[in-house]
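A short worksheet on the structure shown next.
The values are calculated or read from the model by the stated rules, or taken from the named source; none is laboratory data. Everything quoted here is computed from the prediction, not taken from an experiment. Ideal geometry is used to build each Cβ from the backbone, glycine not excepted, and the neighbour counts take in all protein chains shown. Only protein heavy atoms, including side chains, enter the accessible area calculation; ligands, DNA and RNA are left aside. Shrake-Rupley method; radii C 1.70, N 1.55, O 1.52, S 1.80 Å.
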Amino acid sequence: MKKKNAAMVCFSGGQDSTTCLFWAKKHFAHVEAVCFTYGQKHSLETEVARKIAAEAQVPFHLLDVSLISQLDPNCSLVNNAIRMDEDKPADRYPNTFVPGRNMVFLTFVAILARSKGIHHIVTGVSEADYSGYPDCRDTFIRSLNVTLNLAMDDQFVIHTPLMDRDKSEVWALADELGVFDLVRTQTLTCYNGILADGCGHCPACKLRKAGLEKYLSTKKKD
């Protein structure tokens, strides 16, 4: 049976997906969160996600798609032998890119959502301020949305509330939603698995910090 006004959030417990979780709670009457293990080097990510979902009072699902890391081990997020790119290389995608990850995540979310009668899916991808990943682009999301609808003969809607927002604007949205402190102190964005402000030098931490500083400086001026 189709659930009206319900959404399922692709959730990692990081800054972006946590902001999206609370965005979804504002716009939908019923929200559920789906988190994934995909062979990532630190397990704290899923623990943080579960804790935040409990605080948000939403059902939490944890799915294992670790086969991804077996198919392509050439990623520093799943292979300890590879040194992480701290800056985006000029001639290739950074080695923090997990090929197919968002496609797999969203496909599994859609299958689970369909089984529960949920047809709205929320993901925190953005092409305004990101690390160069092709599966964060709006064109990819639109294409996948059509593919999922055709594959399952259903009508899903993938929502990307952060698509056109840079990191400072993501912080602003978290503040607007009343979860600025939660996002700042309880989320895990760091590729090295360090909570809150993180390690400070991985690509995710650099983006997060730069965005926070920009948002706080703008807020002071206001």
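For the criterion of being in contact with a strand residue (DSSP E or B) (Cβ under 7 Å, 6 or more places away or on another chain) and open to solvent by 50 Å² or more (accessible area, probe 1.4 Å), K3 passes. Regarding D85, is this residue of a type in the set (D, E) and surrounded by 14 or more Cβ atoms within 10 Å (Cβ to Cβ)? Spelling it out, D85 is indeed of a type in the set (D, E) and surrounded by 14 or more Cβ atoms within 10 Å (Cβ to Cβ). The set of residues in the stretch 23-42 that are surrounded by fewer than 23 Cβ atoms within 10 Å (Cβ to Cβ) and out of contact with any strand residue (DSSP E or B) (no Cβ under 6 Å at 6 or more places or on another chain) comprises K26, H27, A29, Y38, G39, Q40, K41, H42.
Just for the stretch 106-143: of the residues that are of a type in the set (F, W, Y) and in contact with a helix residue (DSSP H, G or I) (Cβ under 9 Å, 6 or more places away or on another chain), which one is least open to solvent (accessible area, probe 1.4 Å)?
Y133
If you go through the stretch 179-197 and pick out every residue that is part of a loop (DSSP other than H, G, I, E, B), free of Cβ contacts under 8 Å to residues at least 40 places away in the same chain and surrounded by fewer than 22 Cβ atoms within 10 Å (Cβ to Cβ), you end up with 3. Can you tell me which residues in the stretch 152-168 are closer than 14 Å to H119 by Cα and not in a loop (DSSP other than H, G, I, E, B)? Those that are closer than 14 Å to H119 by Cα and not in a loop (DSSP other than H, G, I, E, B): M152, V157, I158, H159. Cβ separations smaller than 6 Å between residues 6+ apart or across chains give the following pairs from the stretch 72-98 residues that are free of Cβ contacts under 8 Å to residues at least 60 places away in the same chain to residues that are among the polar types (S, T, N, Q) and not in a loop (DSSP other than H, G, I, E, B): V78/S69. Listed by first and then second residue, the pairs linking a residue in the stretch 143-157 that is among the β-branched types (V, I, T) to a residue that is surrounded by 14 or more Cβ atoms within 10 Å (Cβ to Cβ) and in a loop (DSSP other than H, G, I, E, B), with Cβ atoms under 7 Å apart and 6 or more places separating them unless they lie on different chains, are V157/H119.
For L62, state whether it is touching a strand residue (DSSP E or B) at 6+ places or on another chain (Cβ under 9 Å) and surrounded by fewer than 18 Cβ atoms within 10 Å (Cβ to Cβ).
So L62 passes the test.
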